[in-house]
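Everything on this sheet refers to the single structure shown next.
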Amino acid sequence: MTRIGYHCSHEQFTPGELLTLAQLAEDAGFRCAKSSDHFHPWSERQGQSGFAWSWLGSALQATRFGFGNIAAPGYRYHPAVLAQAAATLGQMYPGRFWLALGSGEAINEAITGLPWPEKAERNARLRECAEVMQALFAGETVTHRGRITVLEAKLYTRPVEPVPLYAAAVTPETAKFVAPWADGLLTASGELETVRAVIKAFREHGGAGKPVILQSALCWAHSDEQAIAMAMEQWSSRVVAGEVAWDLRRPGDFDETGKLVGEAAMRRLLPVSADLTRLEDWIAEQLTLDLDELHLHQVGTNQRQFIEMFGERVLPAVLRGKGRVSP
């Protein structure tokens, strides 16, 4: 059965508030959680961006369910240091942590001053970093000279079972690229058939039998007017297509692009509704993708109300199968 999880958005909430929200989500019936890992928020209006790795230790200690995180090695995180961070959490909290590796976004990674390359080069850098991390997880002493440099690195503290290294992909092409070497796939919501194509490409090119995790954004409120207002205020900066999302460097740049976004475009990007039955049906559609985990990202700021309402009415209905949300 797919585990339904809660997405912890560091861009939108202080680390202290986010820790409380993760605890509330577990108590409400969410079965797992996923953390974002940003240096900058997507928008000046979001206004937060705590350090995920400081927070994850506290979150794992304060809860009982599992957590995942996504990071881009090779820029602000050297892969050996990232491997050490993941291995430490894996040793302290066995079986409760996974890490997904992605090719990165300039808004977070360009702060180091390194050149920001095109997607193909970023993928090649990602592959090198993954190989280094996998070798370190296996206990090897690693020296590597390529797009990144590692000299005689060895992890002395490692979990009994290595932390799963998943890969992030939002296109079939990237899914094919990561499938042979990743332990699983992390992807993001969109048109259902588009997401299905990404998952199919992963499974058919080396990912068969490996976990698949989907992060899906939505916006619920007590009225449709409140829901669309919150979605536009918090998430219009993310209605960006093509390479633009990976190449913009400042939250203000995303805010400028967000000014071009209308309500119709927002509704095409994610479900925005006060109707719990509609949102239950949307979740049920996501579950047809045969997922291991589905992480719900409520983009509005009304997180406590969302957790309470979905814990009481939506999650039980979804877990019953095709049952409806109680009136």
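The values are calculated or read from the model by the stated rules, or taken from the named source; none is laboratory data. From a predicted model like this one, the values you see are computed outputs, not experimental measurements. Glycine gets a Cβ as well: all are built from the backbone with ideal geometry, and neighbour counts include every protein chain shown. Quick note on the areas: whole protein, heavy atoms, side chains included, nothing else; ligands and nucleic acids left out. Shrake-Rupley method; radii C 1.70, N 1.55, O 1.52, S 1.80 Å.
Of all accessible surface on the chain at a 1.4 Å probe, what whole percent is carbon and sulfur?
Carbon with sulfur: 52 percent of the solvent-accessible area.
In whole Hz, with x marking every Gly and Pro, tabulate ³J(HN,Hα) for the stretch 183-191 from phi via Karplus 6.51 cos²θ - 1.76 cosθ + 1.60, θ = phi - 60°.
Using θ = phi - 60°, the values come out as 7, x, 10, 10, 9, 10, 5, x, 4 Hz.
E131 to R145: extension gain in nm, 0.36 nm per residue of separation minus the Cα-Cα distance?
3.8 nm
Size of the stretch 1-101 along its principal axes in angstrom, Cα-based, largest extent first?
For the stretch 1-101, the Cα spread along each principal axis is 36, 36, 24 Å.
Highest mean first, what order results for 288-299, 68-79 on Cβ atoms within 10 Å?
Details: 288-299: 19.9, 68-79: 23.2.
In decreasing order of mean packing, 288-299, 68-79 become 68-79, 288-299.
Once phi is turned into θ = phi - 60°, what whole-Hz ³J(HN,Hα) does the Karplus curve with 6.51, -1.76 and 1.60 give for every residue of the stretch 136-144, x standing for Gly and Pro?
5, 4, 7, x, 6, 8, 10, 10, 9
Under a 5 Å amide H to amide H cut-off, with H placed in plane at 1.01 Å, what residues pair with V212 once short-range neighbours are removed?
L185, D292, E293
Enter the accessible area per residue of the chain (Å², integer; probe 1.4 Å; all protein chains in place).
Per residue, the chain has 42 Å² of solvent-accessible surface.
At a probe radius of 1.4 Å, what is the per-residue accessible area of K259, in Å² to the nearest 10?
Using a 1.4 Å probe on the heavy atoms, I get roughly 140 Å².
Could you calculate the contour length gain from R3 to A120, that is, 0.36 nm times the residue separation minus the distance between their Cα atoms, to one decimal place in nm?
That pair, R3 and A120, stretches by 38.8 nm at full extension.
Starting from the Kirkwood radius over alpha-carbon pairs of the stretch 175-327, derive D by Stokes-Einstein at 37 °C in a medium of 0.692 mPa s and give it in µm² s⁻¹.
On the way: Rh = 16.8 Å.
The Stokes-Einstein estimate is 196 µm²/s.
Pop out the ³J(HN,Hα) list for the stretch 77-88 in order, Karplus 6.51 cos²θ - 1.76 cosθ + 1.60 with θ = phi - 60°, rounded to Hz; leave Gly and Pro as x.
Karplus values, whole Hz, x for Gly and Pro: 10, 5, x, 5, 5, 5, 4, 5, 4, 5, 5, 5.
Please report how far the C-alpha centroid of the stretch 1-57 lies from that of the stretch 244-267, rounded to the nearest whole angstrom.
Spelled out, the Cα-based centre of one part sits 22 Å from the other.
Checking the table K200/K259; K154/K200; K34/K200; K119/K210 against a 31 Å threshold on Cα-Cα, which pairs fail? Mind dumping the intermediate values first?
Working: K200/K259 35 Å; K154/K200 36 Å; K34/K200 23 Å; K119/K210 25 Å.
Where the Cα-Cα span goes over 31 Å, the pairs concerned are K200/K259; K154/K200.
For a protection proxy built on the mean count of beta-carbon atoms within 10 angstrom, sort 187-198, 162-173 highest first, please.
The peptides rank, most packed first, as 162-173, 187-198.
Let's test the formula: R0 of 41 Å, r as the Cβ-Cβ distance of Y156 and D224. What FRET efficiency results, to the nearest 0.05?
Efficiency for this residue pair is about 0.15.
What per residue convex hull volume, in Å³, comes out for the stretch 135-239 when only alpha-carbon positions are used?
Convex hull of Cα atoms, per residue: 181 Å³.
Could you calculate, for the chain, the ratio of the Cα radius of gyration to the Kirkwood radius, expressed as Rg to Rh?
Expressed as Rg/Rh, it is 0.95.
Going highest first, how would you order 150-158, 273-281 by mean Cβ packing within 10 Å?
On the way: 150-158: 14.3, 273-281: 17.1.
Output ranking for 150-158, 273-281: 273-281, 150-158.
Quick check: residue separation of E312 and M92 times 0.36 nm, minus the Cα distance between them. What number comes out in nm?
76.0 nm
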